1. Filter the helices (runs of 4 or more DSSP H) completely within the stretch 380-438 down to those with at least 3 residues that are out of contact with any Pro (no Cβ under 7 Å at 6 or more places or on another chain), at pLDDT 85 or above and open to solvent by less than 50 Å² (accessible area, probe 1.4 Å).
2. Which of the following residues is within 28 Å of Ser497 (Cβ to Cβ), out of contact with any Ser or Thr (no Cβ under 7 Å at 6 or more places or on another chain) and not basic (Lys, Arg): Ile176, Ile220?
3. Do you know which residues across the stretch 537-552 are open to solvent by less than 90 Å² (accessible area, probe 1.4 Å) and either within 33 Å of the chain's Cα centre (by Cα) or hydroxyl-bearing (Ser, Thr, Tyr) (or both)?
4. Examine the stretch 113-125 for a residue that is under 30 Å from Leu621 (Cα atoms) and not in a helix (DSSP H, G or I), and state whether such a residue exists.
5. On the basis of being in contact (Cβ under 8 Å) with a residue 40 or more places away in the chain, of a type in the set (A, V, I, L, M) and closer than 30 Å to Leu621 by Cα, does Val183 make the cut?
6. Please go through the stretch 123-146 and give me each residue that is open to solvent by less than 30 Å² (accessible area, probe 1.4 Å), within 13 Å of Leu345 (Cβ to Cβ) and not hydroxyl-bearing (Ser, Thr, Tyr), ordered by number.
7. Among the residues of the stretch 591-620, write down those that are over 15 Å from Pro195 (Cβ atoms) and surrounded by fewer than 24 Cβ atoms within 10 Å (Cβ to Cβ).
8. Can you tell me which residue in the stretch 25-56 is farthest from the chain's Cα centre (by Cα), limited to those that are open to solvent by less than 70 Å² (accessible area, probe 1.4 Å) and farther than 23 Å from His449 by Cα?
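The values are calculated or read from the model by the stated rules, or taken from the named source; none is laboratory data. On a predicted model such as this, the values are computed, not experimentally measured, just so you know. All Cβ positions, even for glycine, are placed from backbone atoms using ideal geometry, and neighbour counts span all protein chains on display. SASA here: full protein model, heavy atoms, side chains in, ligands and nucleic acids out. Shrake-Rupley method; radii C 1.70, N 1.55, O 1.52, S 1.80 Å.
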Amino acid sequence: MVSAPVRVAPPVEAPARARRLPRWVAPVVGVVAVVVLYVAFRGKAVLPHDDDATLFHWLNDARDWVDANRNSSPIFLYVVNYIRLGAAGVYDAIQAVLVALGWPGLLGLAAGLGWLAGGWRIALVSFAGFAGVGVLGFWEASVETLALTLSSVVLSLLFGIPLGIWAGRSPRVRRIVTPVLDVMQIMPTFSYLSPMVLLFLIGPASATIATMIYAMPPAIRITAMAIERVSGVAVEASESLGATGWQTLGKVRLPLALNTIMLGVNQTIAAALSMVPLTALIAAPGLGEDLLRALARVNVGAALVPGVAIVLIAIVLDRMTRAAAQRREGGTRARAVRWGGFAVLTAAGLALLPVLAQDFPEQWEVQIVRPINDVVDWIEAHWYTFTGFLNDAVAYGLLNPLQDVLTSAPWWLVTAAVLVFAWRVSGMAAGLVATACLLCVAALQLWEHAMETLTLVLVASVITIAVGLALGVAAARSRWFAAGLRPLLDAAQTMPSFSYLLPAVALFGNGRFTAITASFIYAVPVVARLVEDGLRAVPGTVVEAARSAGSTDRQLLWKVQLPMARGSLLLAANQGIVMTLAMVVIGALVGAGALGYDVVAGFAQQEDYGKGLAAGVALVLLGVMLDRITQGANGRRSPHKKRNA
């Protein structure tokens with residue numbers, strides 16, 4: 001029997017794949033279009049700065065109305081004035097206690113708290129740190145700075161921890177609070193001051209409230225995270241035993257979250273110490289006054305000494321709270337030793353108070369201003385060739401050309417370019433937010449100064465991210481390099497932002513490059529650390545697989561580690577840009593100009609208050625724009641993931 005022949009079906013032709021343009025075509029076309037439009041419309045539709053803008057006069061009139069109705073309007077009589085009096089009362093009470101302790105009592109209390117928090121090492125650091133500010137000759141100013149810091153931290157924790165607990169237990173509250181905290185944390189420090197002066201006048205009260213608002217976000221965020229991460233098993237066990245919600249909170253959630261909450265206290269103190277020196281601009285007492293006077297006279301030695309005093313206070317408070325945040329095991333005897341040491345050291349300090357003078361002995365003070373100025377003079381005389389070349393290279397090679405382009409381009413072209421760039425990098429929402437921010441800056445009539453600030457931020461960010469990326473990659477690939485770099489990063493992250501200006505001024509004098517250098521020193525530790533953490537988080541199995549396939553170190557870095565660490569790299573870029581903006585604005589104190597100078601002028605001259613207030617708002621808008629563009633990029637899928645999807 002012969003079987004029928006098998007029919008073979010004709011081959012099915014696959015549909016022709018539509019040809020797509022290479023990925024680089026659209027960006028290149030966009031850049032060419034922007035260049036052509038810039039050349040065609042250069043110098044047209046620009047928005048030059050005008051000190052007599054109508055909006056500034058309106059804001060001055062609003063301030064005059066507030067001053068005229070401060071003692072008659074119900075809002076001020078029954079709300080604002082009581083808030084100001086309450087903040088002033090907290091500051092006065094803490095300052096009175098610190099002054100009454102005298103220098104022996106305060107040294108004993110600091111050593112005792114150090115012993116209680118971390119044993120004899122932290123006690124020694126605390127004693128030496130506070131003794132150091134006395135030896136530098138700034139005891140009274142340091143006590144005022146400490147009082148301002150503690151009063152702000154107390155109020156921040158008083159409101160921040162309950163709100164953090166609420167946010168940690170309620171997703172709805174967390175969704176409401178998170179955007180507000182995002183904006184608060186990207187606001188440059190200068191932006192907090194103008195509204196405080198309008199509502200609460202100048203002085204310690206407004207400084208306390210401004211610092212409290214600036215320092216509160218870390219307390220809320222970290223407390224919410226700590227409460228949220230408490231083990232659900234422990235909570236369910238408590239509830240199954242019949243505990244009420246408050247009992248579970250007080251006996252389960254808070255004890256288990258206490259160590260993490262202490263880290264929030266640490267970050268709150270660090271944020272407060274960054275802000276407190278700047279409040280000298282609104283007549284707050286303390287070391288900030290000495291710093292501002294010295295910077296105004298370009299006296300590096302006189303500025304460096306109070307800066308060192310602030311750093312010493314920051315180190316003591318940081319080490320003390322970090323040690324307190326670490327969980328320490330121990331029974332009744334260990335607790336007795338800790339509390340006994342605290343009592344003995346504090347009592348010893350108080351016992352010496354009637355014996356020793358109230359003021360820190362002048363004969364113990366060491367004058368180092370002249371030696372520091374001699375070193376600065378030597379640097380200027382011998383390093384001027386290098387520092388001058390570096391300063392001129394950045395100014396003439398990067399700053400001036402970029403600033404000329406941004407200030408001579410039509411405002412609509414800059415806005416459209418930002419819209420397209422943000423849309424492509426971070427999506428439609430980020431593009432619309434960035435566009436709205438730029439339009440609001442134009443409406444504030446500060447376009448030219450905003451472009452000058454944006455120039456400084458872009459140049460400083462490029463330098464910071466490039467160096468931070470190189471340091472982070474080197475630290476991730478070499479444990480020896482990481483071990484040497486880590487103490488430097490820890491020390492740099494402990495210092496208040498104000499102190500970063502001092503080495504920059506010593507090297508380069510006043511000017512825009514000094515602000516860029518200070519922002520680089522301020523932001524590069526965070527960028528390097530995030531890059532290192534991101535690269536180290538790449539799974540070892542993936543690295544081994546790439547090596548077994550024959551990848552070289554360079555191929556492993558560029559084709560495996562960097563793409564897989566994309567989230568950390570974008571976060572590093574985001575943090576680097578936001579921190580650079582914050583520091584560049586402070587650079588107005590050393591001649592950086594732009595929006596930062598407008599804010600400072602608003603404090604110094606009454607007729608410029610409106611311009612300063614508008615400049616503060618413009619800084620917030622620039623911060624939101626830069627944050628949305630860089631943060632949104634982290635939420636988009638990478639091309640690598642898209643290809644695999």
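1. Working: elements: 384-394, 400-408, 411-426.
Ranges flagged: 400-408, 411-426.
2. Checking each option against the conditions leaves just Ile220.
3. Ala537, Val538, Pro539, Gly540, Ser551, Thr552
4. Restricting attention to the stretch 113-125, the residues satisfying the condition of being under 30 Å from Leu621 (Cα atoms) are none.
Among the residues of the stretch 113-125, not one is under 30 Å from Leu621 (Cα atoms) and not in a helix (DSSP H, G or I), which makes the answer no.
5. Working: in contact (Cβ under 8 Å) with a residue 40 or more places away in the chain: yes; of a type in the set (A, V, I, L, M): yes; closer than 30 Å to Leu621 by Cα: yes.
Judged against the criteria, Val183 is a match.
6. Result: Ala123, Phe130.
7. Gly591, Gly593, Tyr597, Val600, Ala601, Ala604, Gln605, Gln606, Glu607, Asp608
8. We begin by selecting, within the stretch 25-56, every residue open to solvent by less than 70 Å² (accessible area, probe 1.4 Å); these are 25-27, 30, 33-34, 37-38, 40, 43, 45-47, 49, 53, 55-56.
Adding the requirement that they be farther than 23 Å from His449 by Cα leaves 25-27, 30, 33, 40.
Values: Val25: 37, Ala26: 35, Pro27: 32, Gly30: 34, Ala33: 36, Ala40: 40 Å.
The selected residue is Ala40.
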